[in-house]
Amino acid sequence: MNRVLLIVLVVLCLSANSLAQGKYTVQKSDMSFTSNAELELIKASSSETQGIIDPATNQFAFSVPVTSFKGFNSDLQRQHFNENYMESSKYPKASFTGKIIEQVNYTRDSVYTIRAKGELDIHGQKQTRIIKAKLTIKKNELQIDADFNVPLADHNISIPRIVSQKIATEIDLKFRATLVAH
């Protein structure tokens, strides 16, 4: 009897350990931005973020196709976003890759306030950033919630003077994602 119990415990421990060592990939996501300028409010969002977190190393990589953002005030506004500001044919995706600074126990349901340090690559311009996020672990799923600002000048995105009151110089970003273990 004790031998059977020992084998069951070993199998359970190995199973939990292998889940923790498996990578988490994005199952569902929502990335949205807001430009709240003096004369105009612009909002758009995308549900096409792809990403992965490796619990063994705390490393992560996320990317989103720039053309996947929808919800602009008009088709013309979306066209200007893609052609004039983001130059999405030249820079088709935005990404954030790096490492979670805090130690995280991926085997236990918990909520963490973490800092993710990495390279934020928008419009072909990489900036080292530390972004705070809430990481919720529940039943082999990760939920990420992060709100942060992106100064356009940091990514070489210039706003013509004629529309400077319609586009904010700093954009508010919200990122929500559910990742599952594989």
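List of remarks:
- Here the extension length gained between GLN125 and GLU83 equals 13.5 nm, from 0.36 nm per residue of separation less the Cα-Cα distance.
- Computed FRET value (nearest 0.05) for TYR112 with LYS43, which takes r as the C-beta separation and R₀ as 25 Å: 0.30
- Positive-end ranking of LEU179, ALA153, SER164 along the dipole of region 138-182, with charges on Cβ about the Cα centre, is headed by LEU179.
- Among the listed options (1) 1, 8, 15, 18, 18, 15, 10, 6, 4, 3, 1, 0, 0; (2) 1, 8, 14, 20, 16, 12, 9, 7, 5, 3, 2, 2, 1, 1, 0, 0, 0; (3) 1, 9, 18, 22, 23, 16, 8, 2, 0, the one matching P(r) over Cα pairs in 5 Å bins from 0, in percent as calculated from these coordinates is (2).
- For ILE144, the shell of other residues with beta-carbons less than 9 Å away shows a net charge of +1, using +1 for Lys and Arg and -1 for Asp and Glu.
- Helix-only CD estimate at 222 nm, as mean residue ellipticity for the chain, using -39500 (n - 2.57) per DSSP H run (n ≥ 4): -4500 deg cm²/dmol
- Inter-probe distance in nm under a simple model that places probes 7 Å from Cα toward Cβ, at LYS93 and LYS166: 3.1 nm
- Region 81-122: trypsin sites (Lys or Arg not before Pro) in DSSP loop, at most 15 other beta carbons within 10 Å: LYS90, ARG108
- The C-alpha atoms of the chain define a longest principal axis, and helix 2-21 lies at about 10 degrees to it.
Read the figures in this text as sums done on the coordinates, not as results from a lab. Every value quoted in this text rests on a predicted model; they were computed, and no experiment measured them. FYI the Cβ positions are ideal-geometry reconstructions off the backbone, even for glycines, and counts take in every protein chain you see.
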